[in-house]
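Let me begin by presenting the structure, written as structure tokens, before commenting on it.
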Amino acid sequence: MTTSLPSASCPALFIAAPSSGQGKTTVTAGLARLLRNQGKVVRVFKTGPDYLDPQILAQASGQPVDQLDLWMAGESYCRQRFYQAAVSADIILVEGAMGLFDGEPSSADLAALFDLPLVIVMDVKGMAQTAAALMSGLAGFRDDLHIAGMIANACGTQRHRELIESALPPSIPLLAAVPRDAALTLPERHLGLVQAAEIRDDLEARFEAAASALDAAGLATALMEMAPVTFTAAQDHAPSVPSSLAGQTIGVAKDAAFSFIYQANLDLLEQMGAKLCFFSPLSERRLPSCDALWLPGGYPELHASTLAENAGMREDIQRFYRAGKPILAECGGMLYCMDTLTDYDENTHTMLGLLPGQGAMRGRRGCQGMQTAELPEGALRGHAHHRSMADGTPEPIAHGRRQRHPAPGEPIYRQRQLTASYLHFFFPNNPAAVASLFSGSAASAQPSATEEFNVCS
């Protein structure tokens with residue numbers, strides 16, 4: 001006898017764009033705040049391996065924001081997250097990544113798989129009827145998508161809006177025109193938006209301004225009147241998770257220098273029985289009592305002087321490493337583990353010295369891409385996104401395997417129980433491998449002679 005899977009329904013909307021930089025996050029955050037102000041429970045998801053946008057969206061919505069990526073997390077994971085959100089939410093918003101059809105899988109793939117209506121946000125500065133032509137092209141590119149309408153961002157005047165609206169085909173309504181206003185724009189830096197925790201009060205003002213602009217268009221009412229989308233639980237919605245971290249305390253670096261953390265990773269560690277202890281390498285002088293360390297990515301280059309001056313924390317982590325306890329260091333965390341880090345002003349700072357080598361920032365040119373880490377403990381998917389280089393590093397134990405390119409990806413280093421790489425890992429992809437990394441059962445490697453090694457993913 002077949003047992004039907006549980007399901008839940010609520011209005012849902014996928015907010016996409018023709019390209020990056022069109023204002024997707026501004027519109028999504030403003031809409032989330034508008035609906036929240038009206039007493040709605042708004043659950044927001046972000047497409048792809050993004051850390052900064054979810055911070056913004058979580059503050060705007062007042063709810064946790066999960067990343068959804070069909071390659072990194074898988075269809076079953078995404079399906080279950082949607083179902084769980086729909087159980088308690090009044091509306092679900094999904095912000096796309098890059099352009100609608102960019103990437104493999106793309107935002108369009110995710111929207112089509114879950115039958116989510118799409119709203120296209122387009123920066124219309126410098127064009128009018130051409131915006132309508134672009135919308136027509138997007139709408140006709142695939143026949144498995146439902147375009148619910150367009151939001152014209154950075155619209156100059158009422159006449160500007162009228163020119164765009166009159167040129168759109170009848171099947172694509174202009175849902176809103178967001179005025180050209182610097183007060184709505186979200187601040188950026190070299191890896192994307194500025195972290196929410198650094199500009200919380202400023203963001204509040206921008207959220208409310210964007211909410212007011214969208215409210216004037218009656219957008220919230222239109223969305224809540226849309227036909228609900230039904231989300232069904234995944235077939236394997238309760239997969240077994242190893243409890244091999246029971247009784248373990250994992251210290252997690254979390255502050256302005258280290259904040260690139262998937263909530264899904266934290267959730268998984270706790271499901272495996274670990275107790276999480278957050279600490280700040282910037283402001284705390286002592287390492288908390290713990291059995292393993294996670295040094296995630298972030299912006300150590302912006303705080304390198306403070307990190308270097310915190311001798312107490314540096315010495316504690318060095319003792320932790322010498323004691324043979326497990327450490328996972330990702331991207332910015334890996335730079336912190338190296339001998340030195342040179343910032344954008346070409347000042348060189350002393351770091352932990354656990355991993356031989358020198359890290360240095362290198363301007364706007366960067367590396368990014370989805371990769372699978374071929375670890376001794378098993379394959380673990382993740383991504384790279386950095387604008388730094390590492391020289392004088394040891395021989396890596398493995399390299400990331402790129403999603404769509406045969407060349408070796410990011411090197412993966414292991415010194416004793418330290419595992420370090422530019423890759424940001426998505427833990428739910430392989431819980432058993434993650435448990436091995438943090439339990440201290442990873443195959444150790446003793447320090448070896450250094451060599452210059454530069455790689456761009």
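Here the gap between SER166 and ALA311, fully extended at 0.36 nm per residue and compared with their Cα-Cα distance, gives a gain of 45.8 nm.
About its Cα centre, how strong a charge dipole does the chain have in debye, to the nearest 20, once Lys and Arg get +1 and Asp and Glu get -1 at the Cβ?
I would put it at about 220 debye.
In the context of the full set of protein chains, residues of segment 4-50 present 29 Å² of accessible surface per residue (probe radius 1.4 Å, heavy atoms only). Per-atom-type breakdown for the chain gives carbon and sulfur 48% of the accessible area (1.4 Å probe, protein chains only). Take every DSSP beta bridge whose two residues both sit in the chain; close to 45 percent of them are antiparallel. Cross-link partners for LYS275 among the lysines, with Cα-Cα distance under 20 Å and sequence neighbours closer than 8 places in the same chain left out: LYS254, LYS325. Using the 1.4 Å probe convention, the accessible area of segment 203-248 works out to 51 Å² per residue with neighbouring protein chains retained.
Within the full protein context, the accessible area of ARG416 is estimated at about 80 Å² for a probe radius of 1.4 Å. Packing here is the average count of other Cβ atoms within 10 Å per residue, and on that basis the peptides 34-40, 65-71, highest first, run 65-71, 34-40.
Return a whole-number percent for the relative contact order of segment 20-103, with Cα pairs under 8 Å and 6 or more residues apart as the contact set.
On the way: 111 pairs, mean separation 32.2, N = 84.
Relative contact order, segment 20-103: 38 percent.
With N residues in the chain, what two-decimal value do you get for its Cα radius of gyration over 2.2 N^0.38 Å? Output field value: 1.02. Averaged over its residues, segment 312-365 has an accessible area of 39 Å² per residue, based on protein heavy atoms and a 1.4 Å probe.
Over the chain, dividing the summed -39,500 (n - 2.57) contributions of all DSSP H runs of at least 4 residues by the number of residues returns a 222 nm mean residue ellipticity of -8500 deg cm²/dmol. Packing-based ranking of 137-144, 424-431 yields 424-431, 137-144, ordered from highest to lowest mean Cβ neighbour count within 10 Å. Within segment 197-297, DSSP assigns beta bridges of which about 10% are antiparallel (rounded to the nearest 5).
The values are calculated or read from the model by the stated rules, or taken from the named source; none is laboratory data. Just so it is clear, the structure is predicted and the values come from calculations on it, not from any experiment. A quick note on method: Cβ atoms are made from the backbone with ideal geometry, for glycine too, and the neighbour counts reach across all protein chains shown. Note: accessible area is taken over every heavy atom of the protein model, side chains too, but ligands, DNA and RNA are not part of it. Shrake-Rupley method; radii C 1.70, N 1.55, O 1.52, S 1.80 Å.
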